[in-house]
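Scroll down for the structure; my scribbles are underneath it.
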Amino acid sequence: MEQTTKAPNRLYRLLALFCLAVLSFPAATAGGPPEKGGRKSCPQVRLEAERLPDLNVPRSGHQVLCVNGEVVVFGGHTTGFLPTATAEYLDGDGWHLKQMTYTHDHGLAMLLKSGKVFLAGGCNEPLGIGQHHATEWYDPATHTFEGFGCLDTKRSIFAALEVDSGCVAIAGNWFGKDDIELFDGKRRFTHFKTPTIQRGVPFVFRSADGDVTIFSSKNTHDVPFDSVVADRLKGEPFRIPLLEKWHPIRFDLSLDCGIFAIGDEAKDEYSYLFAAYDDNGKMAIVHTDGTRFKLLPTLSEIPTTFHGNTIIYGFPIADRLHGRFYIGGMDSTEWRFYMLSVEYKQSPARLTLYYTDPLQIGYSCVPVLTTDGDIVISGGFADDNFHPMATVYRIMTGPNTTTSASDSIKWWWLLLGGLGLLAIVLTAYLYYTRYTRARKRRIIVKDEIPDEEIDDRQQQDELMQRICQLMDDEQPFLDSNLKVQDIADLLGSNRTYVSDCINTVKGCTFNQFVNTYRVRYAQQLLRHDPKKKVSSVCLLSGFANEMTFFRAFKRVTGQTPREWAAGQNREID
């Protein structure tokens, strides 16, 4: 009897260890299976994109900032490639149009530590031609603009960085003369020095207290340099050999180079990140610390394609609060938006490629980080600069966001999961056998659910009933701008509870949940009036656009609206 008990006991322990090893393997290798050379594949995670109200003015070549919790869009050019002297800010009532003092198409918008926004330069003619030197302030408290001075050098598509006591270093130009100048943060602009080489779209990074490094891989006519030389406010110019192989990504916008900073300046940490590519199209992240340049070690290579489509990377954003550096991107085939996340505080840095479903966006759609940790993108152009877009999306990257699994889960992960499940089943069986053989009486094990878990489930079920009741009685889904916060306000709850409740109980995102109601309403409209146009049904059902309507309708019914109506023996004009 002792022998028969010991054998299953040993086997049980071995299988338990095997189970733990299998289950812990994905955690130890998070980020995907190793590639050749020991590097892992970059995880790919889908994010939800919420369509926000359109801009009042379609625009490209604009700047976007998040000021006092409000997303504000400045300048750019509109339909016909005409510069626009307008700005817009977003609040709960939508976009509010404001008149600026000057146009700033491809000009600079910089939020200073004083709380004011510094606007400067840009193209002085339609079609993106020329430069001007007009400057103005934007006061976010009053949403007003005030012209106050002019740059020492006329500029468009240039770079700047706030250095000390409100002082701003400015450099670079686009098809125009480049000089290095300083702005005292009040009204005075002064020429500081003539650069060693004429630079287009440079980087201006702090390298020491009161000093900056200025460099670029191309001149003002977009021609690459044979040798990359950096200028400094203090000290002699120096060569950067690394950037003769790795070319920084060029931007078509003026840059507040503070968006590249990842260091704590209060601790004299002057560290920056930026993306670069080599002649073979391979991507890398460059890390600067003072005047030292090196490649940032990463767990995986930067993906340059997604489902066969080339990713065109562009605008960067540093989220220092969460230790992430984002690089925005898109493709011109499916018009998805991408955010490459670089968790730079880890070594090697973990990379994650976030992506959305196809969106109605275009090139030069400028991303900005909101106070909630989400990304808002706006404007841009799809075909040419003569027809910019007005669309705006919020990409859910904040801490309360739920993400769907990657499309790129490999078969061996499923195999590992199956082995883990098998090990658990065998372990449970041996555990049961051991006890039934060791005892002559039958043991009934009662599974008990903790009272706290029961309470949580009951609360979520009750909240879900209230959400569904609200949707049925008041039909808030007919508002195309409906948000999670709106439902939370109507129920006296909060955004997190409502979102988590829908995710847990219904197993879907908030947008999918709301769109299901909209599809059901659309079906009612089609039954009642079979001759009603699909475009009208789309708008009456609460959808912001037909693309989202068709996608949601097919997800819910498995058919397009026309196919579904045909199955109901009705015609749709």
Selection from segment 71-88 of residues that are surrounded by fewer than 20 Cβ atoms within 10 Å (Cβ to Cβ) and touching a His at 6+ places or on another chain (Cβ under 9 Å): Thr79, Gly80, Ala85
Being in contact with a Phe, Trp or Tyr (Cβ under 6 Å, 6 or more places away or on another chain) and open to solvent by 10 Å² or more (accessible area, probe 1.4 Å) is the filter here, so list the residues in segment 343-360 that pass it. Tyr344, Pro358, Leu359
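Does Leu55 fit the bill of being touching an Asp or Glu at 6+ places or on another chain (Cβ under 9 Å), modelled with pLDDT of 95 or more and open to solvent by 30 Å² or more (accessible area, probe 1.4 Å)? Quick ask: steps written out before the conclusion?
On the way: touching an Asp or Glu at 6+ places or on another chain (Cβ under 9 Å): yes; modelled with pLDDT of 95 or more: yes; open to solvent by 30 Å² or more (accessible area, probe 1.4 Å): no.
So Leu55 does not fit the description; no.
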Report yes if some residue within segment 125-147 is out of contact with any helix residue (DSSP H, G or I) (no Cβ under 9 Å at 6 or more places or on another chain), among the hydrophobic types (A, V, I, L, M, F, W, C), modelled with pLDDT of 95 or more and not in a strand (DSSP E or B); otherwise report no. no
Selection from segment 213-247 of residues that are in contact with an Asp or Glu (Cβ under 9 Å, 6 or more places away or on another chain) and on the phi > 0 side of the Ramachandran plot: Gly235
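Would you check if Asp479 is of a type in the set (D, E, K, R), free of Cβ contacts under 8 Å to residues at least 60 places away in the same chain, within 25 Å of Asn545 (Cα to Cα) and open to solvent by 70 Å² or more (accessible area, probe 1.4 Å)? Please lay out each step first, then the result.
Details: of a type in the set (D, E, K, R): yes; free of Cβ contacts under 8 Å to residues at least 60 places away in the same chain: no; within 25 Å of Asn545 (Cα to Cα): yes; open to solvent by 70 Å² or more (accessible area, probe 1.4 Å): yes.
Taking the combined requirement at face value, the residue does not satisfy it.
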Would a scan of segment 331-342 turn up a residue that is more than 22 Å from Asn511 (Cβ to Cβ), out of contact with any His (no Cβ under 7 Å at 6 or more places or on another chain) and at pLDDT 90 or above? yes
Contact list please: Cβ distance under 8 Å, first residue in segment 521-546 and touching a residue at least 60 places away in the same chain (Cβ under 8 Å), second residue among the β-branched types (Val, Ile, Thr) and assigned to a helix (DSSP H, G or I), pairs at least six apart or on different chains. Ser541/Val519; Gly542/Val514
Filtered residue count, segment 526-550, keeping only those that are in contact with a Lys or Arg (Cβ under 8 Å, 6 or more places away or on another chain), surrounded by 15 or more Cβ atoms within 10 Å (Cβ to Cβ), of a type outside the set (S, T, N, Q) and not in a helix (DSSP H, G or I): 3
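Would you be able to say whether some residue in segment 182-196 is of a type in the set (S, T, N, Q), assigned to a loop (DSSP other than H, G, I, E, B) and within 34 Å of the chain's Cα centre (by Cα)?
So in segment 182-196, the residues of a type in the set (S, T, N, Q) come out as 190, 194, 196.
If we keep only those that are assigned to a loop (DSSP other than H, G, I, E, B) too, we end up with 194, 196.
Checking the rest, the ones that are also within 34 Å of the chain's Cα centre (by Cα) come to none.
So far as segment 182-196 goes, no, none of its residues is of a type in the set (S, T, N, Q), assigned to a loop (DSSP other than H, G, I, E, B) and within 34 Å of the chain's Cα centre (by Cα).
A quick yes/no check of all residues on (1) under 26 Å from Val45 (Cβ atoms); (2) open to solvent by 20 Å² or more (accessible area, probe 1.4 Å):
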position: Lys267; (1), (2): no, yes
position: Asp278; (1), (2): no, no
position: His287; (1), (2): yes, yes
position: Thr291; (1), (2): no, yes
position: His307; (1), (2): yes, yes
position: Thr310; (1), (2): yes, yes
Among the residues of segment 199-211, are any under 22 Å from His133 (Cα atoms), among the small types (Gly, Ala, Ser) and open to solvent by 10 Å² or more (accessible area, probe 1.4 Å)? no
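Yes or no, residue by residue, for (1) closer than 30 Å to Lys234 by Cα; (2) in a loop (DSSP other than H, G, I, E, B); (3) in contact with a helix residue (DSSP H, G or I) (Cβ under 6 Å, 6 or more places away or on another chain); (4) not hydroxyl-bearing (Ser, Thr, Tyr):
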position: Ala276; (1), (2), (3), (4): yes, no, no, yes
position: Leu321; (1), (2), (3), (4): no, yes, no, yes
position: Tyr326; (1), (2), (3), (4): no, no, no, no
position: Thr333; (1), (2), (3), (4): no, yes, no, no
position: Gln346; (1), (2), (3), (4): no, yes, no, yes
When segment 131-178 is examined, which residues are found to be open to solvent by 10 Å² or more (accessible area, probe 1.4 Å) and among the acidic types (Asp, Glu)? Asp139, Glu146, Asp152, Glu162, Asp164
Log entry, pairs with first residue in segment 364-380 being at positive phi, second being at pLDDT 90 or above and among the basic types (Lys, Arg), beta carbons closer than 9 Å, six or more apart or on different chains, reads Gly379/Arg59; Gly380/Arg59
Looking only at residues that are farther than 16 Å from Arg188 by Cα and touching a residue at least 60 places away in the same chain (Cβ under 8 Å) in segment 103-113, which one is surrounded by the fewest Cβ atoms within 10 Å (Cβ to Cβ)? Leu111
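The values are calculated or read from the model by the stated rules, or taken from the named source; none is laboratory data. These numbers were taken from a predicted model, which means no experiment stands behind them. Because the Cβ atoms are built from the backbone with ideal geometry, glycine has one as well, and the counts that use them run over all protein chains shown. These area figures cover heavy atoms from the full protein model, side chains too; ligands, DNA and RNA do not enter into them. Shrake-Rupley method; radii C 1.70, N 1.55, O 1.52, S 1.80 Å.
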